[in-house]
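A.B. asks: The structure's right below; bear with me while I get my questions together.
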Amino acid sequence: MDINNLESLGKTVRTIGLAGELEIMLNDDYVFDLVTGEPIFFEIKNSRIPYFIADVRQTGDRYRIKFDDIDSQDQAKQFINLNVFVIKKKRKAAEKNELTSIIGYKALDKKLGDLGEITGIQEYPGQQVLEINYNGKEILLPVTPDFIRDIDHKNTVVHIQCPDGLLDVYE
């Protein structure tokens, strides 16, 4: 683990719930590939201290992260308004402009199969959304690691995991 090769991820903004989850607001429009068991470094008194991810979810320009060894809201409060860092290799090359390259790709769901063609990307504050032509209707799917599982450029397919009930909204 090379702590001299860190880059800024963002800043902790608040606690979530009673179990010690923290919300981190990202500095920029990049997506970071954060994985359970890997460290995030908190800047505490001019030192960067690693804490390991127990669970992570991304929502727009924010991550909700549960860390090992932070088990209560009171413990988590000590980490509010701290700068956080990741090891540089964790950054994914996923700038906003790169997503436009998947327009025209097939959206393939793990359970539901072929959902149709990706026809566009919409920009909302803090969130990008895929437009998918599903049986003649436009459905919207947030661009998050929870839903976008893999992009296969060779076969022009985006592997997704549609949230339960999403397609029912469009029926």
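A.B. asks: Given the condition in contact with a Lys or Arg (Cβ under 7 Å, 6 or more places away or on another chain) and at pLDDT 85 or above, answer yes or no: does some residue in segment 29-41 qualify?
C.D. replies: Yes, that holds for at least one residue.
A.B. asks: Among the residues of segment 149-160, write down those that are surrounded by 14 or more Cβ atoms within 10 Å (Cβ to Cβ) and at pLDDT below 85.
C.D. replies: The one that is surrounded by 14 or more Cβ atoms within 10 Å (Cβ to Cβ) and at pLDDT below 85: 151.
A.B. asks: Tell me, yes or no, whether segment 74-87 has at least one residue that is modelled with pLDDT of 90 or more, loosely packed, with under 12 Cβ neighbours inside 10 Å, in a helix (DSSP H, G or I) and not basic (Lys, Arg).
C.D. replies: The answer is yes, given that some residue of segment 74-87 is modelled with pLDDT of 90 or more, loosely packed, with under 12 Cβ neighbours inside 10 Å, in a helix (DSSP H, G or I) and not basic (Lys, Arg).
A.B. asks: Anything in segment 14-28 that is at pLDDT 85 or above and assigned to a loop (DSSP other than H, G, I, E, B)? List them, or say none.
C.D. replies: Result: 17, 18, 19, 20.
A.B. asks: What are the pairs with Cβ atoms under 7 angstrom where one residue, in segment 93-114, is outside any helix (DSSP H, G or I) and the other, located anywhere, is at pLDDT 90 or above and loosely packed, with under 12 Cβ neighbours inside 10 Å? Sequence gap at least six, or different chains.
C.D. replies: Here the result reads 106/114; 108/114, each pair linking segment 93-114 to a residue that is at pLDDT 90 or above and loosely packed, with under 12 Cβ neighbours inside 10 Å.
A.B. asks: Determine, yes or no, whether residue 67 is at pLDDT 90 or above, more than 19 Å from residue 145 (Cα to Cα), crowded, with 16+ Cβ neighbours inside 10 Å and hydrophobic (A, V, I, L, M, F, W, C).
C.D. replies: No: the conditions fail for residue 67.
A.B. asks: Outside any strand (DSSP E or B) and without any contact (Cβ under 8 Å) to a residue 40 or more places away in the chain: does that describe residue 146?
C.D. replies: Spelling it out, it is not the case that residue 146 is outside any strand (DSSP E or B) and without any contact (Cβ under 8 Å) to a residue 40 or more places away in the chain.
A.B. asks: I would also like to ask the following. Only residues that are in a strand (DSSP E or B) and buried (at least 17 other Cβ atoms within 10 Å of the Cβ): list them for segment 132-143, please.
C.D. replies: 132, 134, 139, 141, 142 - these are the residues of segment 132-143 that are in a strand (DSSP E or B) and buried (at least 17 other Cβ atoms within 10 Å of the Cβ).
A.B. asks: In addition: Residue check, residue 7 against (1) at pLDDT 90 or above; (2) surrounded by 14 or more Cβ atoms within 10 Å (Cβ to Cβ), all met but one. Which one?
C.D. replies: Going through the list (1) at pLDDT 90 or above; (2) surrounded by 14 or more Cβ atoms within 10 Å (Cβ to Cβ), residue 7 breaks only (1).
A.B. asks: I've got another one for you. Which pairs have Cβ atoms under 9 Å, sit 6 or more apart or on different chains, and link a residue in segment 27-48 that is farther than 24 Å from residue 125 by Cβ and of a type in the set (S, T, N, Q) to one that is crowded, with 16+ Cβ neighbours inside 10 Å and at pLDDT below 90?
C.D. replies: Qualifying pairs under 9 Å: 36/56.
The values are calculated or read from the model by the stated rules, or taken from the named source; none is laboratory data. Keep in mind it's a predicted model, so treat the numbers as computed, not measured. Cβ atoms come from the backbone with ideal geometry, glycine included; neighbour counts cover every protein chain shown.
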